[in-house]
Every structure is written in C-alpha cells, then in structure tokens.
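The structure appears right after this line, and notes come after that.
The values are calculated or read from the model by the stated rules, or taken from the named source; none is laboratory data. These numbers were taken from a predicted model, which means no experiment stands behind them. With ideal geometry, Cβ positions are generated from the backbone for all residues, glycine too; neighbour counts draw on all protein chains shown.
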Amino acid sequence: MRSGGAMTDDIRVMTAQLAADPASMVFLPLGEALRQRGQLEAAEKVAVSGLGRYPESADAHDLYARILGDGGQLEQAFDEWDIALRLDPEHVGAHKGIGFLYFVAGDLERALSHLETAARTLPEDAGAQAALARVKETLARQPTGNGDLSGDGAGVLDVPPLDVDGADPARLFAGLEGAEDGLILLDTRGLRLGGGLTSPDGTEVADAVSAHLAGVSQEAGRTARLLGLGSWISLAAESPDGHLFMVAPTTETLLLVVRERSVPLGRLAVVTERAATVARSWLEGLR
C-alpha cells in the first residue's frame, strides 16, 4: 500500500507531466489517483479534459464513470460505462461498474452476467472475483417462497393500510428527476401516495394508473411462487412510447417509474432504486 505522501508526490509529478504535454495519456492514472484521494472535483476536471481529447477511449469513460459513481451520480456513471462497453465490449472496469449498479438496483441476474464477463476476461482481478462471489451468494440466499401456493396468499399479502394523514406527498420525490411526472408511489389498494404521471397528450393519469396497478404486486408474487422463482424483485416493460420499471419499496407499496424509450432499462433500474430508497425513508417517517 502506498503512503499518502508517496501518492501526493506521484500526483505532483503526473500533474507536471500533463501540464507539459496536455495530450498525454497520463491523465488516466492522474485522475484515478485524485479519485482515490477523494479529490473528486479535481479528478473530474482531469477526466473531462482527457475525454475531450480522447472521446473514443473506453478507459477514459471508465475513469469518468468511477468518479461520477463516487460522487453519487449513478445515472451518469451508468451512461459512461455504457459508452465504454460500446467502445470495448470486453472492458473489465465497465462490466464491473455496471454490474455493481445492477446489484444496487436489485437486478441480480444482469449483475451476474456483467460480473461473470469481467471475471472471465481478467481472472486475476480480485475485485471482480469478489463482486461476483457476493452476487452469487446473494442469489443463493434469496427465498424460494413460503410453500403456500393455494388460495390467494392472504397470509403473505394481507397488510394493513398506511396512515398517510398529515403527510405531504408533494414533497415525496422532491429533488429527483421526474419527481412530478414519471414517478408514482401507491399502496396495495391502488391509492396514490405520491408522485405524478401524465399521458403523452398532457393528461394527468397518476390516480387512474395507480388504480389499475392495484394488485400487481400480489399477482407478481403469486406468479413467481407458482413458477418456483422465489420472491419477485422488479418488473420491467418496454412499449413503443416508453419504458416502465416497477419495484416494491415495502410489502405495502409499489413504485412505478416511466421514462422515454431513449432511457436504457439498466439506467431506469438505477433511477428506480434511488426513488425506492427515498420512498422507504419517507414511509418510515409515517410510522
């Protein structure tokens, strides 16, 4: 392990090299060193400048993605890793990064696929191997259902209604992209708890959609059990007009996120997981 002083000296040397030759590829190790020291603003400037000169470099996009990820900008990080994979389909760093984002979003199968590719491409990468092992362990621990396939599953699905009196649903997704159009949180009765949604012609349809979604979580759970798939994690759908992604933040609620077709489903999964985290925090405040 390098000491802090040694790393600082390396940064000074690389910074001088880049200043003397702005076209130098030294921006890659320099940006990574700054990232590791937590100097994300400086690291981002280095990465963006390098990308300006080498937009076709998968390594540059991977570096920028890691910096964005450290800063909590997961959607943008996904986009950069997605670009890196288009440039180099076997890029280990990009597969590891996207695999991690899918893991965070709860899409373990896609996470497994990307991490298996990373581990296969570079077997000596301890990080890829460790991440792959973690995903496999998580998959192995997933419940296989409660064995009750009869009736309507009332023992699992019968939950008390939420007490939202006095809560301010308008503030639920404040600060998130699509907070007022494209995000809906509803309860098991099909009542909207927060968020909003409009149709392509601008009509407000959030309450109508929420009502139609009543029982979706129950049906998804029942179907998964009947097929021996265990508990459901998420539902994704593609249509000519857009992409949809659904998760259950709690056993009492369902979260729907809708975006244009230009938004990849993987990125949509990250958006949904972030919104689900916000929803869970808001719901805990109602208890």
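Regarding the range 55-74, can at least one residue be identified that is surrounded by fewer than 16 Cβ atoms within 10 Å (Cβ to Cβ) and more than 18 Å from the chain's Cα centre (by Cα)? Yes, some residue in the range 55-74 is surrounded by fewer than 16 Cβ atoms within 10 Å (Cβ to Cβ) and more than 18 Å from the chain's Cα centre (by Cα). Listed conditions (1) within 17 Å of SER281 (Cα to Cα); (2) among the hydrophobic types (A, V, I, L, M, F, W, C); (3) modelled with pLDDT of 85 or more are all met by ALA170, apart from (3).
For the range 259-268, the condition holds for no residue, the condition being that it is assigned to a strand (DSSP E or B), of a type in the set (S, T, N, Q) and either within 18 Å of HIS212 (Cα to Cα) or over 15 Å from the mean Cα position of the chain (by Cα) (or both). Can you tell me which residues in the range 37-48 are of a type outside the set (Val, Ile, Thr) and either outside the structural domain of ALA77 (by TED's automatic domain parsing) or surrounded by 14 or more Cβ atoms within 10 Å (Cβ to Cβ) (or both)? Result: ARG37, GLN39, LEU40, ALA42, ALA43, GLU44, LYS45, ALA47. Considered as a group, the residues in the range 1-38 that are at pLDDT below 90 and in a loop (DSSP other than H, G, I, E, B) include one that is nearest to GLY72 (Cα to Cα), and that residue is GLY38.
A single entry from ALA118, ALA128, ALA94 fulfils the requirement of being surrounded by 23 or more Cβ atoms within 10 Å (Cβ to Cβ) and at pLDDT below 90: ALA128.
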